[in-house]
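The values are calculated or read from the model by the stated rules, or taken from the named source; none is laboratory data. Given the structure is predicted, the values throughout are model-derived calculations rather than measurements. Every residue, glycine among them, receives a Cβ derived from its backbone with ideal geometry; neighbour counts consider all protein chains shown.
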Amino acid sequence: MEPAEIIQHSGGAIGAAWLMIALPLVGAAVLLLGGRRTDKFGHLLGVLMAVASFVVAALSFAQLLGFAPGERRRGIELYEFIPGLAKVGLLVDPLSISFCLLITFVGSLIHIYSIGYMAHDPNRRRFFAYLNLFVAAMLLLVLADNYVALFVGWEGVGLASYLLIGFWQHKPSAATAAKKAFIVNRVGDFGLLLGIFTIFATFHTLAFSDVLGNASKASSGTLTAIGLLLLVGACGKSAQLPLQSWLLDAMEGPTPVSALIHAATMVTAGVYLIVRSGPIFQGAETAQLVVTIVGVATLLAGAIIGTAKDDIKKALAGSTMSQIGYMVLAAGVGPVGYAFAIAHLITHGFFKADMFLGAGSVMHAMNDEVDMRKYGALRKVMPLTFWTFLIGYLAIIGFPLLSGYFTKDGIIEVAMEHNAILGWLAVIGAGITGFYMSRLVFMTFFGAKRWEPTAHPHESPAVMTVPLIVLSIGAIVLGWFLIMGNRFMTFLAPAVGAPEEMPAFHPFSVPGLATLALVAIGAAYAWMKYGRAEVPAVAPRGSFLTTFARRDLYGDALNEALFMRPGQWLTRLAVFFDNRGVDGLVNGLAAGIGGTSGRLRRVQTGFVRSYALSIFLGAAVLAGAWLVVGNL
Amino acid sequence: MTTHYLVLSALLFAIGGVGVLVRRNAIVVFMCVELMLNACNLAFVTFARQNGNLDGQLIAFFVMIVAAAEVVIGLAIIVTIFRTRRSASVDDASLLKY
Amino acid sequence: MGESITFWVLAVVSVVAALGLVFSRKAVYSALMLGVVMLSLAVLYAVQDAPFLAAVQIIVYTGAVMMLFLFVLMLVGVDSSDSLVETIRGQRFWAIVGGIGFAVLLALGIGNAIVGPTRGLATAVRDGNVPSLAELIFTRHVFAFEVTSALLITAALGAMVLAHRERTEAKPTQKELSRQRFVAFGKTGKNPAPLPGPGTYARHNAIDMPALLPDGSVSPLSVNRYIARYEESRGILPPEVARVLEEEAEQQRANGHGTPTTAERAADGGPDTEPMPEDGVVVGRVVGPRGESGGESRGGSVSEEDGK
C-alpha cells in the first residue's frame, strides 16, 4: 500500500497545529528574555506551555481520526520561505502526530517531574526555557513538510541538547560533554546537509510530497547516495555507530534532560528521518542494507557497553543506544518494519523515560550519587520508584505482555524474515539486554546496602512520582494496544505505506521463544552475579572484554587516533609552517635585507677618496665598455 | 702627431686621477684636479686643430674660466674647513658616513 | 720636425712634472710641479695654433690660479706634508690599477678616434686666432660668455662669504692687551717684554746669530732652534749656543717631560709670533723657535727638515 496524497487543510485543531510549536517557543522566549523577573513562575509557565502544546496535539489527533484513513495526511501552508523555492508548511499525518503526542505527552510529564527534580537549582527558570525550546524545535522537526524546515528543527534540537548537556557548565566535564555532543552532531549534520543538497540537485524541490512522490523516478545510484548521506545525519543525531560517542558523555546533563532528549525523543529523530524518507531508502537496497547493519551493530555495541557501566545513567544510555539500534534495524527493513520501529520508539519513549526518571529519583535520594555499586537494597526505601522502575525494566527486557515484548519481538521477527543473520544478532542483543538491565535493577534495588555514610535515601515527592506512575502505565499497556491487531500499522499506513500482507502476531514463534529464553538466561546470570552474590564496592579489574566494554568499545580512542591526533598534528604542522615557513620567510627577508644593509653601509666610509675611487673605476669600466661597444 | 697629443692628454689625466685618489692634502688633491682639467684642455685644443674648428679652443677657454671660479670657491672652502678643523686632510673630514 | 721635438721634450717634462706633482710629499713642490706642467701645456697650445689659449694659460693658470694655490698653502701651512702611509685599505693599489687602466683605455679610445689627416686651423682662422675666437665668443657663444661672467661674480662673492669671519666682540685695546700680558706674567712668569731681537747685542745682524745678554752670554730666548739644529747637523754650531741649548734641555728633563710647558712655550714665542687674536691661522711662521714643540697638527719646519 502506497502512502496517501497530502490534502491541504485549514481550520480546526489541525489548522492551528503551528500553535504546538509556537507555544513552547513563546515560553522559551519569555523565560529567556524575561530574565530573573520570571524566576518565580518560570517552571509553571514552562509546564503550562508544554501541556498546552499537548492539548493542541491531542485535539489535532482527534480531528485526524475523524477523517477516512486515506485522507489523514493534512498539509498546512504557513509562508513562503524562499519565493518559488521553499514553502514552509506543516504536515500533520499519522506519523507526525504520533511523534507530536509522544513528544508533548512525555515532554509534559518530564516538565512536571523537573519541577521537583530541579527545585533546588538556582537556574531552574533557564532550564525550563531550554526544555521549552527543545520541545518547540523537536515539534518543528517532526511537523515540517520539507527538508529545510526539518533541518531547522534538527539544528534547534541540537542546540537545545548542547545547552542542556552543558546546563551545569561550571563542571568542566559537562562543558566538555556538551562540546563533544555538538561537534559529533555537526558531523552528522554535515551528512544531512549534503543529503539535502543532493535531494535538491536531483528533484529541484525539498518538499516531502514532491521528493518522496517522485523518488522512484530517480536512479538507484542517486537514491543510494542520498540515503547514505541521510543515514550519516541519522547516525549523528541518534548516536548510531560510528557517531555514537557523544551519547554516553551527554549523561552529564540533568537527568530529566537525559530522559527527554537523550532517551525518549531527540535521539529518535534519526529513526524519524529514515522512516519519513522511506521511499528514498526503498529505492536503494544498498542504503537499506547499510541501515540495517548500522542498526544491528549499534544494538549490540550499546548492549555490550551497558553491561560494563557502573554509572546508572551511562548503563541506561548504552541501553538507549541499543534500543535505537533496534528501531534503525526495523526502519531499514522497509514498510513492514516502519510500524514496529515507530511503535518501539513510542513504547521505548515511555519505558526508557520511566527508567531515566526513576534513576533520577534514585540519584535525587542518594545525593546525586550515580555509581550503582554504592546503591543496593533501595526497593524498601523507595517503593514507588522501585515498582515503576521494575515495570520499565520488565518492559525493556520484553517480559511477556508488557510493551517491549510486543514491539521488540515484532522487530526481531521482521528482521528475521528479512535476513536471518541480522535477526539472530538482534535476538542475542535481546539476551544481553536481559542481562544488563537485570544487573542494573539488582545492583540498585536488591542485595545489601552499600550506601555512602552520608546517604539518607527517601521516597521522592509526588511531583516526581506521579509522572513515573503515568509513564509506567504507558509502558504496560502501549505495546499491547499498538501491536495487537496491527492497529498501529494500519494507522500509519497512509503516511509511510504498508506491506500488502499484514504480519500476524505469533506469540510462540521460534525467534520469540528463543528471545524469551535468552532473556531469562541473561536475567538469571545477572541474579547470580549481582542479586545473590556480594557486589564489590570497587569495580573488579575484569577481563580484557570488560575493559573493552567499559571504554565504550574504544570508540573515543578510535576517534582520538583517527581524527584528534591527526588534527593536532595538522595544527602543529600549520603552526610550525607558520612560525618557521611564513614568519621565517618574512623575518628572513627582513633580516637578510637588514644584514645586507648593515654590511653594505660599511661602503659609506666617509672618505671622499673612497668615493672618488669608485667613480674613477666606474669611469674606467665605462671607457672599456665604450671601447668594446665601439669596436663591435 | 695628433695621436701623440691625445695620448699625452690621457696620460696626464690618468696621473691626475691617481693623484686625486692617493693624496690626502686637500690642496694637492685640488692641484691634481687642475691637472686633469688641463689634460682635457690639451685634448680639446688638439681636436680643434685636427678638425679645423675653433670650437675646441673655445671650450678650452670656458673650461679655464670655470676652473678659475672652481679654484676660488674650492680654496675658500679648504680655508674654512682648515679654520675649524685645523687640518687640510681630506680623510679627516669623514663624519658623513654610516 | 720642430713641432715633434717640442712635443717630445715637453711631453716628457710634463709627464715627469705631473708624476712629481702626485708623488712629492710637500705641497709646495707639488704646486711648483703643477706650474711646470701648465707652462709646458701653454707651449703645447701655442704649438697647436692656439696662441690665445697659451697666453690665457700662462696668465690665468700659471699666474692667477697657481698664485692662489700658493697663497692658500701659506695660509694652511706651507710646511704641511703628507705621510705617505696609506690609511684606506686597497686604496693605493686600486688607484694605480684604475689609473693605468684608465690611461690605457683612454689612450686607445681617443687615440683611435682620429681618422683622416689633420685639417689645421687655416680655414677656420681667417683673420688671426684672437679675432676669430672673439668673433665666436661674442656672437655664437655670447650667452655662455655672459653666464660665465655671472659665474665668476658668484664665485668671487662666494669666496668672500666663505672666507669672511664675523667679529663677535670688540677688538682688545692696547691697554687690555698690556693688562693681559702682565696678568699672564703674574700667573705663569711669562716674560711680558718683547723677546730680544737678534742683533741687539749681536756681532752680526744675521738671523742665525743669537742675542747676547748684557754679560755677553747667549740669551736662550733668542736661540732659533730650527737654525740651531741645522747648524748642529752641519757641525758649525757655535759652542756657547750649544751650551745654552744643553742647559735648557737638562732643565726640561728635570721637569719630567719632553715637551715644554705652556709657560715655556709662551716664553719661547718671539716678537714675531705674537698670536693673531682669535685667529688660528698663523701666517708666516716659517722660521720660529717653536720647532721642537711639534704639537700642532700642521707640523713644524723641523719635520720638514726631517724629511731630507
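Some observations on this one:
- For segment A:234-247, taking the residues that are within 18 Å of A:Arg551 (Cβ to Cβ) and within 11 Å of the chain's Cα centre (by Cα), the one that is surrounded by the fewest Cβ atoms within 10 Å (Cβ to Cβ) is identified as A:Ser245.
- Residues of segment A:412-437 that turn out to be over 28 Å from A:Thr546 (Cβ atoms) and not polar (S, T, N, Q), as a count: 7
- Residue in segment A:567-586 that is within 14 Å of chain B (Cβ to nearest Cβ), part of a helix (DSSP H, G or I) and among the β-branched types (Val, Ile, Thr) present: no
- Every test in (1) within 13 Å of chain B (Cβ to nearest Cβ); (2) out of contact with any Gly (no Cβ under 7 Å at 6 or more places or on another chain); (3) not basic (Lys, Arg) is passed by A:Ser543 save one, and that test is (1).
- Given (1) farther than 19 Å from A:Leu141 by Cα; (2) touching a strand residue (DSSP E or B) at 6+ places or on another chain (Cβ under 6 Å), number of the condition A:Ile14 does not satisfy: (1)
- Residues in segment A:177-201 that are crowded, with 18+ Cβ neighbours inside 10 Å and among the aromatic types (Phe, Trp, Tyr): A:Phe182 alone.
- Here B:Val63 meets the list (1) more than 14 Å from chain A (Cβ to nearest Cβ); (2) crowded, with 22+ Cβ neighbours inside 10 Å; (3) in contact (Cβ under 8 Å) with a residue 12 or more places away in the chain almost entirely, failing just condition (2).
- Residue under evaluation B:Val71, criteria (1) at the interface with another protein chain (Cβ under 7 Å from one of its Cβ atoms); (2) closer than 25 Å to C:Asn112 by Cβ, criterion not met: (2)
For every residue, the table says whether it meets (1) in contact (Cβ under 8 Å) with a residue 60 or more places away in the chain; (2) in contact with a helix residue (DSSP H, G or I) (Cβ under 8 Å, 6 or more places away or on another chain); (3) crowded, with 23+ Cβ neighbours inside 10 Å.
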{"position": "A:Arg439", "(1), (2), (3)": "yes, yes, yes"}
{"position": "A:Phe445", "(1), (2), (3)": "yes, yes, yes"}
{"position": "A:Leu471", "(1), (2), (3)": "yes, yes, yes"}
{"position": "A:Trp480", "(1), (2), (3)": "yes, yes, no"}
{"position": "A:Glu500", "(1), (2), (3)": "yes, no, no"}
{"position": "A:His506", "(1), (2), (3)": "yes, yes, no"}
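- Elements of type helices (runs of 4 or more DSSP H) in segment A:371-455, at least 2 residues being basic (Lys, Arg): none
- Within segment C:114-141, considering residues that are more than 7 Å from chain B (Cβ to nearest Cβ) and closer than 28 Å to C:Leu68 by Cβ, the one surrounded by the most Cβ atoms within 10 Å (Cβ to Cβ): C:Asn129
- Matching residues in segment C:67-89 - criterion: being within 9 Å of another protein chain (Cβ to nearest Cβ), surrounded by fewer than 21 Cβ atoms within 10 Å (Cβ to Cβ) and at pLDDT 85 or above: C:Leu68, C:Phe71
- With a requirement of 3 or more residues that are closer than 30 Å to A:Gly606 by Cβ and in the same structural domain as C:Ile137 (by TED's automatic domain parsing), the helices (runs of 4 or more DSSP H) lying completely within segment C:1-105 that satisfy it span C:2-23, C:27-47, C:66-76.
- Residues of segment B:41-60 satisfying the condition of being crowded, with 21+ Cβ neighbours inside 10 Å, at the interface with another protein chain (Cβ under 7 Å from one of its Cβ atoms) and over 16 Å from C:Ala54 (Cβ atoms): B:Gln50
- Scanning segment A:118-153 for residues that are more than 25 Å from A:Ala58 (Cβ to Cβ), in a helix (DSSP H, G or I) and not aliphatic (A, V, I, L, M) yields A:Arg124, A:Arg125, A:Arg126, A:Phe127, A:Tyr147, A:Phe151.
- Checking B:Leu37, B:Leu12 one by one, the residue that is within 7 Å of another protein chain (Cβ to nearest Cβ) and either surrounded by fewer than 20 Cβ atoms within 10 Å (Cβ to Cβ) or within 18 Å of the chain's Cα centre (by Cα) (or both) is B:Leu12 and no other.
- Residues (more than 9 Å from chain B (Cβ to nearest Cβ) and aliphatic (A, V, I, L, M)) located in segment C:1-12: C:Met1, C:Ile5, C:Val9, C:Val12
- Only one entry in A:Phe406, A:Phe386, A:Phe356, A:Phe399 is in contact with a Gly (Cβ under 6 Å, 6 or more places away or on another chain) and either free of Cβ contacts under 8 Å to residues at least 12 places away in the same chain or under 24 Å from A:Val470 (Cβ atoms) (or both), namely A:Phe406.
- Consider segment A:155-176 and keep the residues that are over 30 Å from A:Thr224 (Cα atoms) and β-branched (Val, Ile, Thr). The one that is surrounded by the most Cβ atoms within 10 Å (Cβ to Cβ) is A:Ile165.
- Pick from segment A:1-33, criterion of a type in the set (Val, Ile, Thr) and closer than 14 Å to A:Leu48 by Cα, ranking: surrounded by the most Cβ atoms within 10 Å (Cβ to Cβ): A:Ile21
- Test result for C:Val15, facing chain B (nearest Cβ under 10 Å) and of a type in the set (Val, Ile, Thr): yes
- Condition check for A:Val187: over 30 Å from A:Glu5 (Cβ atoms), part of a helix (DSSP H, G or I) and β-branched (Val, Ile, Thr): yes
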